[in-house]
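A short worksheet on the structure shown next.
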Amino acid sequence: MSVINQMLKDLEQRTPEQGHAPNAVMASNKPSTVKIVAISLVVLLSLNALGFYIWDLQTRLSSSELKAQENKEQVIVRQAAAKQPDLAQHLVQPLAQPLVRQAAAKQPDVVQALAQPLVRQAMIEQPNVEQVAARQPATKQPIIKQPTVQPAIQPAVQSVKAEKTVTTSKMTVSRRQLTTKELVTQKLVNAEKAINSNQITKAETLFEDVLIIEPSNKQARKKLAALWFGRKAYQQAVNLLSQGIALDKRDSELRMLKAQIQLQQGQHKGAYHTLKALPDLKQQDYQVMLANVAQQVNAYESAIKAYQTLIKMHSYSGKWHLGLAIVYDKNSQFRLAEKEYALALSKSDLSTASAEFAAQRMQALGE
């Protein structure tokens with residue numbers, strides 16, 4: 001029993017000790033976490049400070065190297081300029097002078113515009129040229145004869161640019177007014193197209209425009225009169241043709257057109273007066289029309305003269321002798337009629353009916 005009691009006492013003593021142990025551990029854990037966080041912050045801040053220091057140091061070193069390189073290049077350029085002060089002038093002058101002279105000969109106003117872009121380009125491509133030019137004495141000669149500053153780099157490219165500057169011309173687009181002849185031709189062509197497309201009103205308007213521009217244009221007058229005749233505007237067509245005849249009294253076609261319209265209206269005397277103005281005209285159609293119209297108005301003398309003109313033009317033809325014989329027969333000149341009938345029969349171009357008629361009339365006159 002004593003042993004058991006002793007063991008119980010030991011357990012009672014150990015239980016309170018174990019209850020206080022976790023509290024001690026927890027108490028010891030809290031200060032260690034705070035320390036870790038603090039140390040971490042210090043380390044991060046240190047690393048940031050170190051990185052910023054290294055970046056600043058590298059920036060300073062880079063800028064120092066760039067400045068040193070620029071200073072070195074400037075020294076080299078100055079040395080080269082000091083050794084060869086006339087390099088730009090010697091290289092450019094043989095190239096620039098022929099171009100400038102050519103520009104002065106062709107376009108005197110372009111020379112100054114040619115020289116200025118070359119100077120600006122030299123200042124951009126070769127900075128030390130200004131120093132070289134500053135050391136040389138200023139010249140009083142015009143820049144055309146003695147260019148002092150010219151680019152020494154890429155002469156072939158600059159030569160092409162200079163030639164382009166000289167030879168480039170401006171293209172201007174302007175409306176050219178048509179001449180009277182060109183305008184008339186254009187309207188006549190458009191009028192023919194309108195007729196082909198059956199646009200008669202448009203064609204008439206175009207022909208009228210032509211006659212307003214050029215009243216002596218016979219082609220437009222004849223075609224316009226024909227269009228008016230076709231739509232039975234007889235009086236307008238007659239007036240139009242009369243105006244043309246007044247401009248040219250020897251125009252037989254205008255007279256024949258006018259006479260044809262007058263005959264269509266039954267104005268035989270008017271047609272005769274239109275045609276009789278040219279009794280000696282050596283034109284077969286005109287004389288045939290004159291002879292027929294003259295017989296219709298009993299103007300036998302004019303008809304006789306018309307047939308005589310036709311016989312002179314075509315003496316081998318028997319139909320003109322037959323026509324003259326008929327006129328003599330109507331005018332009671334029977335002996336002359338018989339003679340012409342005989343001449344008509346002597347020709348071989350009469351038809352059978354015409355020959356029979358001539359023979360019958362000869363027989364009747366002979367009795």
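Just so it is clear, none of the values below were taken in a lab; they were calculated from the coordinates. Predicted model, so just to flag it, every value in this text is computed and none were measured. Cβ: placed from backbone, ideal geometry, glycine included. Neighbour counts: every protein chain shown.
Put in order of Cβ neighbour count within 10 Å, fewest first, the listed residues PHE52, PHE334, PHE207 become PHE52, PHE334, PHE207. A Förster radius of 45 Å, combined with the Cβ-Cβ distance separating LYS72 from ALA49, puts the computed FRET efficiency at roughly 0.80.
In nm, what is the difference between 0.36 nm times the number of residues separating ALA246 and VAL42 and their Cα-Cα distance? Before the final figure, lay out each step's value.
Numbers: separation 204, 0.36 × 204 = 73.44 nm, distance 12.36 nm.
Extra length from ALA246 to VAL42 when fully extended: 61.1 nm.
Proximity of backbone amide H atoms, modeled 1.01 Å from N, is registered between ASP251 and no other residue at under 5 Å, excluding neighbours fewer than 5 places apart on the same chain. Among the trypsin sites (Lys or Arg not before Pro) in the range 262-339, those located in a DSSP loop and surrounded by at most 15 other Cβ atoms within 10 Å of their own Cβ are LYS282.
Pairs with C-alpha atoms separated by more than 30 Å, drawn from the list LYS187/LYS276; LYS258/LYS312; LYS181/LYS282; LYS232/LYS269; LYS249/LYS339, are LYS187/LYS276; LYS181/LYS282; LYS249/LYS339.
Spacing of the modelled spin labels on THR59 and ALA233, each 7 Å from Cα toward Cβ, amounts to 9.5 nm.
Residue-wise HN-Hα couplings along the range 185-200, as the Karplus relation 6.51 cos²θ - 1.76 cosθ + 1.60 with θ = phi - 60° gives them from phi, are 4, 4, 5, 5, 5, 5, 5, 5, 5, 5, 5, 5, 8, 6, 9, 5 Hz; Gly and Pro carry x.
Hey, fewest Cβ within 10 Å first, where do ARG250, ARG361, ARG255 land in order? Present the calculation step by step, with values, prior to reporting the outcome.
On the way: ARG250 10, ARG361 20, ARG255 25.
Ranking ARG250, ARG361, ARG255 by Cβ neighbours within 10 Å, fewest first, gives ARG250, ARG361, ARG255.
Measuring from centroid to centroid over Cα atoms, what is the spacing of the range 248-278 and the range 189-217 in Å? Cα centroid of the range 248-278 versus Cα centroid of the range 189-217: 24 Å apart.
A Förster radius of 35 Å combined with the Cβ-Cβ distance from LYS347 to ASN298 puts the calculated FRET efficiency at roughly 0.80.
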